[in-house]
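Structure first, then comments.
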Amino acid sequence: MITIIERAYAKINLTLDVRNKRADGYHEIESVMQTVSLHDDIYIRIGTGNPWELTCTDEQIPTDCSNHAWKAAEVFFRAMESDPDGLDISITKRIPSQAGMGGGSADAAAVLRALNGHYGKPFSDSELAKLAEQVGSDVPFCVLGGTKVARGRGEILECLPPMPPCWIVICKPDFSCSTPALYRQIDETVIAHRPNFSAMYAAMEIQDLRKIGENLCNVFDALAETKHPEIEQFKETAISNGALGAQMTGSGSALFAIFDSQEKAQRILQELQKDYEAVFICNPV
Ligand code: C5P
């Protein structure tokens, strides 16, 4: 029996704007999203002849049908109108959970890509991204990856010029933020500072990392900061150590900082490792 292996890359939100709440309960968003090299590894065995099984190196992650990777496999085989006669998914976790890095979504997207590849690409990339909508709002982006602007509830995707090469330091503090709670809270908040999408687009187009750093903006960042002063501390430390920009990703609680020099990124990585367990250095992919 063959084992398919697929990387599940994390994402960060370079910008995240939340607009009106829709009738279906989701919010209209506009977000510049970027895939980064930090990744989980997904191993899939098809046709085990046994009931479906999912295992994960992180014991906190659910291993039943509530796991997005499991859901993605269900969605895939439903669309294929076929039964794999047993499936085994094994996840080596590196992307921190409840971090706003799309960890569960990345795993789900990797399952969709891996299965699609195995069966000779019955679905085009855009058809696969459409299937991904059934699993979660961030899954279509994770299927396609790269540098994209996401609109709608996250499923309307448009390619942007790629982010220039750089080093991204990521730190996941011990606290976590609830995504639905932050979305609820934002409905009752007057948002003082919103991302400037045109400025971010222009910065990507001219490959200006400094301008990309200046235009980082996440509307959840200010909300979370009122509760967690650690966020502001991280940003101050990052900027004073040469970061071109720093903020929270998605609905948190992971924080990231962008550097144009590996040395500077390594230096702050070592600083942060004194206080935090989950600290990573990665690149855009
Ligand atoms: O789609 P997903 O399951 O990832 O969304 C998790 C929760 O985040 C939703 O139930 C909703 O409360 C909130 N959400 C939202 N608007 C979006 C995406 C997510 O309100 N565009």
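Could you tell me whether Lys121 is surrounded by fewer than 16 Cβ atoms within 10 Å (Cβ to Cβ), within 16 Å of the ligand (Cβ to nearest atom) and among the charged types (D, E, K, R)? Criteria not met by Lys121. Set side by side, the residues Glu30, Glu74, Glu53, Glu59 differ, and just one is of a type outside the set (Lys, Arg) and more than 30 Å from Leu182 (Cβ to Cβ), which is Glu53. Of all the listed residues (Ile206, Ile186, Ile212, Ile258), the sole one being free of Cβ contacts under 8 Å to residues at least 40 places away in the same chain and aliphatic (A, V, I, L, M) is Ile206. Criterion first (modelled with pLDDT of 95 or more, part of a helix (DSSP H, G or I) and within 22 Å of the chain's Cα centre (by Cα)) does Phe220 satisfy it? Judged against the criteria, Phe220 is a match.
For region 32-91, residues that are within 29 Å of Lys148 (Cβ to Cβ) and among the acidic types (Asp, Glu) total 4.
Just to be sure, is Asp41 away from the ligand (no atom under 13 Å from the Cβ), farther than 20 Å from Ile156 by Cα, part of a strand (DSSP E or B) and of a type in the set (D, E, K, R)? For Asp41, the condition - away from the ligand (no atom under 13 Å from the Cβ), farther than 20 Å from Ile156 by Cα, part of a strand (DSSP E or B) and of a type in the set (D, E, K, R) - is met. Residues in region 225-259 that are within 16 Å of the ligand (Cβ to nearest atom) and either modelled with pLDDT under 95 or in contact with a helix residue (DSSP H, G or I) (Cβ under 6 Å, 6 or more places away or on another chain) (or both): Met248, Ser251, Gly252.
Which ones in region 114-157 are among the charged types (D, E, K, R) and touching a Cys at 6+ places or on another chain (Cβ under 9 Å)? If you could, list the steps in order and put the result at the bottom.
First, the residues of region 114-157 that are among the charged types (D, E, K, R): 121, 125, 127, 130, 133, 138, 148, 151, 153, 155.
Hit for region 114-157 is Lys148, nothing else.
Every listed requirement among (1) at pLDDT 95 or above; (2) within 16 Å of the ligand (Cβ to nearest atom) is met by Asn20 save one, (1).
Taken together, Ala110, Ala114, Ala99, Ala106 contain a single residue that is surrounded by 15 or more Cβ atoms within 10 Å (Cβ to Cβ) and touching a helix residue (DSSP H, G or I) at 6+ places or on another chain (Cβ under 6 Å), which is Ala106. Of the residues examined, Ile231 is one that is in contact with a strand residue (DSSP E or B) (Cβ under 7 Å, 6 or more places away or on another chain) and either of a type in the set (D, E, K, R) or free of Cβ contacts under 8 Å to residues at least 60 places away in the same chain (or both).
Can you tell me which residue in region 160-185 is surrounded by the most Cβ atoms within 10 Å (Cβ to Cβ), limited to those that are aliphatic (A, V, I, L, M) and modelled with pLDDT of 95 or more? Don't jump to the end; show me each part of the working.
Going through region 160-185, the residues aliphatic (A, V, I, L, M) turn out to be 160, 163, 168-170, 181-182.
When the remaining residues are screened for being modelled with pLDDT of 95 or more, the result is 160, 163, 168-170.
Numbers: Leu160: 19, Met163: 24, Ile168: 24, Val169: 26, Ile170: 24.
That would be Val169.
The set of residues in region 146-186 being within 15 Å of the ligand (Cβ to nearest atom), in contact with a helix residue (DSSP H, G or I) (Cβ under 6 Å, 6 or more places away or on another chain) and in a loop (DSSP other than H, G, I, E, B) consists of Glu155, Cys177.
Taking residues in region 70-87 that are in a loop (DSSP other than H, G, I, E, B), and partners anywhere that are modelled with pLDDT of 95 or more and polar (S, T, N, Q), the pairs with Cβ atoms closer than 7 Å and at least 6 places apart or on different chains are Gly86/Thr48; Gly86/Asn50. Answer with yes or no whether Arg194 is within 16 Å of the ligand (Cβ to nearest atom) and either without any contact (Cβ under 8 Å) to a residue 12 or more places away in the chain or closer than 20 Å to Leu272 by Cα (or both). Taking the combined requirement at face value, the residue does not satisfy it. Thr189 meets the conditions (1) in a loop (DSSP other than H, G, I, E, B); (2) modelled with pLDDT under 95; (3) within 17 Å of the chain's Cα centre (by Cα) in every case but one. The failed one is (3).
Taking region 6-26 as the range and being part of a strand (DSSP E or B), in contact (Cβ under 8 Å) with a residue 40 or more places away in the chain and surrounded by fewer than 20 Cβ atoms within 10 Å (Cβ to Cβ) as the test, the residues that pass are Arg7, Lys21. Only a single item in (1) hydrophobic (A, V, I, L, M, F, W, C); (2) within 16 Å of the ligand (Cβ to nearest atom); (3) assigned to a helix (DSSP H, G or I) is not met by Val32, and it is number (3).
The values are calculated or read from the model by the stated rules, or taken from the named source; none is laboratory data. The structure presented is a predicted model; accordingly, all values stated were derived computationally and were not measured. Quick reminder, even Gly has a Cβ in these numbers, built from the backbone with ideal geometry, and neighbours come from all protein chains shown.
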